[in-house]
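Single-structure report; data block below.
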Amino acid sequence: MQFGSVEEVERALSGESYLPDRGLATAVYLAVAMRRPLLLEGEAGVGKTEVGKTLARILGAELIRLQCYEGIDSAQALYEWDYARQLLYARALQAGEVRDHVSELYGPEFLIERPLLRALRAGSGAVLLIDEVDRADDEFEAFLLEVLSDFSVTVPELGTIAAAEPPVVVVTSNRTRELHDALKRRCLYHWIDFPSLEREVEIVRLRAPEVPEALAGSVAESVARLRALDLAKRPGISEAIDWARALALLGANGTDGNAGRETLGWALKNRDDLERAQAELFSG
Amino acid sequence: MADELERLVAFARALRNEGLPVGPGRVVDFCRAAAAVPADHLYWAGRLTLVSRPEEIPVYDRVFRGVLEEEPPPAPVTVVEEEVALASREELLRTKSFADLTREELVELAALMQRLRLNVPTRRTRRRERARRGDPDLRRTLRRSFRTGGEPVERAWRARHRRRRRLVLLLDVSGSMADYSRALVLFARAALQADARWEAFCFGTRLTRVTRALAAADPKEALRRAADEVVDWNGGTRIGDAVRALARTNVVRGSVVVICSDGLDVGEPELLRAEMARLGRLAHRVVWLNPLKEDAAYEPLARGMRAALPHVDVFLSGHNLASLEAVGAEL
């Protein structure tokens, strides 16, 4: 599983309807070549998660996704024992005999694999997507660092499980908090910026083929203007695509006029932002 | 080849001199990455391995141009820094050195502030821990049952972990606060040591994050670094813009926000009212410390203060250490 060159990555991603800029293509190339986790940061809706999904499709690998949230711990990320089944099994063995059967109780059939363990077992056959790592608490980050450093974990009852060849790892963060330097040092770091106007038109056209070129251009232009406003939540690429789709369904030619005003909620999801945008973009 | 390697290492060193955390491990990664891509990708090989936060990108670009200058770096990047640092209407590039000012007193005060304890309210997290009562802990119960022949005689329990909320300090360092601002920055520095997730910001006409600057071990050094970063120290005040910028930083949701300001605002009161309302919805609690309140006859008549007050949960003075200690109990 390897790319020949940065250009090949660019072609492959584009072939899967993901248009990367040069920096992202280089990042993916190096992440696969150097087998280092790729840490992607950027505003919501610039396509961070999509990188992992697309990469899995290109490499023909299994996508294993670990969605992080506050309080996530190793039982949800790595493995857990199926306690109910263990208890029943222990009962079936009758009291007194259990001592000899402890090893059976911790056999593989009672182990519930969670994403990290699954990714280690799958090795290079998997793309591990660790999504929104900034939502997990920092204890979890330390634990993650351990797993990502040597790609092996120890289950006390089973022994050490190591990846023969490490999986491709994509980590995303929305930057709700600063990640630890130690984790960042393990990773290649790429900041995904909003695309240029031309690139955004291409992306909208690629993702929503039913949108006519002129409409896509108009949406991209409006979205760029919205991003320049001082908004609480700047619209991402996915918002641009949704907005363009909505306008296409309504048969509009552009974002100006009533259709644009009425569908603005596809691009902005905050009342203050909506009011501000209405005032600044649609008043004239 | 050796020359090439030397050039790369020199570049990495130049970045280190500019304050980027470029350790030997990163330099090795950088060299490996540079070797793995064609020469015209050198910019990206470096940016992916030597940069780890968006604020560092402009520094990287500058040093890259200066040291390696092969291709102009691609499209300029809009950086988060600019979101935090408000587009200010009148930029005051005036920074002040505090090294000579009432050194002993400030240091003494800083030492006293170390003892300050802030009781920030807690919230339940999703993480569970061992407890005397709560939900059944099956893993531990099963383990214990082996001691009693597989019969779960001794049962174990677990409960939701409680965690301190985040504290976010917003310090007014404009001209009208000059008598207080240094002490408040030291207060922030002392408070921040209690929890690595707590944050501090300074504002006058623009918002600047000073959390990192305040992490310095020495109070004088912390003050100096903060003063270096805050370019509008002792300038005008736009509280509404600062609150607005703060609400965009992603650290406010569910936090306890403490604003230290005299409420003398040159911005639009309407903006401040709207932004304070928004802040009130995002934050768990909003505390306002106004040093003018020291005077018993003080009434919040300033337009800005009047606009903000309805959205403030706790209104206190915070003009000396004793009143700051009282704040600790009121959070």
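Read-outs throughout are calculated quantities, based only on the coordinates presented, and are distinct from any laboratory measurement. Because the structure is predicted, anything quoted here is derived from the model rather than measured. Please note: Cβ atoms are built from the backbone with ideal geometry, for glycine as well, and neighbour counts cover all protein chains shown.
Reported to the nearest whole Å, the Cα centre-to-centre distance from the stretch A:220-284 to the stretch A:137-164 is 45.
Selection among B:Y298, B:A159, A:L229 by position relative to the dipole of the protein assembly as shown gives B:A159 as farthest towards the positive end (Cβ unit charges, Cα centre).
Can you list the lysines whose alpha carbon sits under 27 Å from that of A:K233, skipping same-chain ones fewer than 8 residues off? Within the straight-line cut-off, A:K233 pairs with A:K48, A:K53, A:K184, A:K269. Sketch the reach of a paramagnetic label on B:R306 as a point 7 Å from Cα along Cα-to-Cβ, and name the residues of the stretch B:238-281 whose backbone nitrogen lies under 18 Å away. The answer is B:239-240, B:262-277.
The residues neighbouring B:R127, those whose beta-carbon lies less than 11 Å from its own, together hold a net charge of +2 under the Lys/Arg +1, Asp/Glu -1 convention.
The calculated FRET efficiency for A:R227 paired with B:D135, based on their beta-carbon distance and R0 = 60 Å, is about 0.85. Normalised by the number of residues in chain B, the average gap of Cα pairs under 8 Å and 6 or more apart makes the relative contact order 15 percent. With the highest mean first, a sort of the peptides A:54-61, B:248-255 on other beta-carbon atoms found within 10 angstrom per residue produces A:54-61, B:248-255.
Scoring A:207-214, B:299-306 by mean Cβ neighbours within 10 Å over their residues and listing the highest first yields B:299-306, A:207-214. Between the beta carbons of B:R212 and A:E213, assuming R0 = 56 Å, the FRET efficiency works out to 0.75 to the nearest 0.05. Across chain A, the mean sequence separation of Cα contacts (distance under 8 Å, 6 or more residues apart), normalised by length, yields a relative contact order of 21 percent. Between the C-alpha center of the stretch A:1-73 and that of the stretch B:184-244 there is a gap of 37 Å. Ranked by the mean number of other Cβ atoms within 10 Å of their residues, highest first, the peptides B:313-324, A:22-33 fall in the order A:22-33, B:313-324. Helices in the protein assembly as shown, meaning DSSP H runs of at least 4 residues, each add -39500 (n - 2.57). Divided by all residues, the mean residue ellipticity at 222 nm is -13000 deg cm²/dmol.
Counting only Cβ charges, +1 for Lys and Arg and -1 for Asp and Glu, the dipole size of the protein assembly as shown around its Cα centre is about 2300 debye.
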